[in-house]
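The values are calculated or read from the model by the stated rules, or taken from the named source; none is laboratory data. Please read all numbers here as calculations on a predicted model, not as lab measurements. So basically every Cβ, Gly included, is an ideal-geometry build from the backbone, and we count neighbours across all protein chains shown. Note: accessible area is taken over every heavy atom of the protein model, side chains too, but ligands, DNA and RNA are not part of it. Shrake-Rupley method; radii C 1.70, N 1.55, O 1.52, S 1.80 Å.
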Amino acid sequence: MDDEEFVAQLAQFSSLEQLTNISSGVDGLTTAMSRQELINTATYIGKDITAAGYGISKSKDKISDVYYEFGEEISSGQVNIFDANNNIVRTELIDGKAAGRWPYSWDGKDYKGKDMPDGVYNIYISAENAEGKPVLVNTDISGTVKAIQNSDGKTYLSLGDGRMVDFSNVKYVVNPEIKN
């Protein structure tokens with residue numbers, strides 16, 4: 001091997017070592033940021049939140065709040081509620097509504113009127129406009145944060161009723177002590 005080839009190989013090894021060090025540094029920074037996010041979100045414990053989501057809970061006679069929103073008037077829609085095994089337990093029709101944000105209250109019963117057991121359920125809402133075209137529907141859930149969890153590099157808020165909310169989906173945070 002001549003001197004030029006040797007110097008070229010040394011330069012390549014040096015570049016490879018620098019890239020490896022940069023990669024290790026980025027990995028360390030990512031881990032540190034994840035830990036910092038976990039520490040920062042700990043301040044959410046005990047606070048009431050509203051977040052994008054579709055999980056609702058039923059505990060005795062208490063059923064968590066759900067809101068749905070769309071940007072245009074709808075002529076009709078439907079609410080479908082699924083149990084933990086993704087079996088549909090209830091479907092309700094929605095009459096025409098103006099664009100905006102609307103509350104939805106589930107009575108905790110299945111399609112036969114039978115009380116469903118306590119647990120976490122999923123709600124999916126679909127709607128269409130006067131021309132029969134689908135309308136995008138966003139759903140928000142709410143609850144009180146009881147714990148914080150980090151899983152696969154993402155931070156989740158654990159609500160008191162067992163639901164998990166991705167931290168990035170949080171829209172509102174309220175201290176229950178100063179609610180109106």
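Distance cut-off 22 Å, Cα to Cα: go down the list 60/109; 112/146; 58/146 and report the pairs above it.
112/146
So what is the accessible area of the chain per residue, in Å², with the probe set to 1.4 Å? Could the numbers behind the result be given before it?
Details: 11720 Å² over 180 residues.
Result: 65 Å² of accessible area for each residue.
Using only helices, what value at 222 nm comes out for the chain when you add -39,500 (n - 2.57) per DSSP H run of length 4 or more and divide by the total residues, to the nearest 500 deg cm²/dmol? Show your work: numbers first, answer last.
Values: 1 runs with 39 residues, N = 180.
After summing the helix terms and dividing by residue count, I get -8000 deg cm²/dmol.
Which residue fluctuates the most in the chain, going by a Gaussian network model with Cα springs under 10 Å, if the choices are 144, 155, 20?
It is 20.
Given the options 165, 135, 120, which has the most mean-square fluctuation in a GNM of the chain, springs set between C-alpha atoms less than 10 angstrom apart?
Among 165, 135, 120, the largest GNM mean-square fluctuation belongs to 135.
Filter the chymotrypsin sites (Phe, Trp or Tyr not before Pro) in segment 64-127 down to the DSSP loop ones having no more than 12 other Cβ atoms within 10 Å, then list what survives.
111
Springs between alpha-carbon pairs under 10 angstrom, Gaussian network model over the chain: which of 161, 61, 83 fluctuates most?
Its mean-square fluctuation being the largest, the pick is 61.
Taking all protein chains in place and a 1.4 Å probe, what share, in percent, of the accessible surface of the chain do carbon and sulfur account for?
51 percent
Does anyone have the angle between helix 3-41 and the longest principal axis of the chain? Alpha-carbon axes, 0 to 90°, nearest 10?
Between helix and principal axis, roughly 30 degrees.
From the mean inverse distance of alpha carbon pairs (Kirkwood) and the Cα radius of gyration, derive Rg over Rh for the chain.
Answer for the chain: 1.24.
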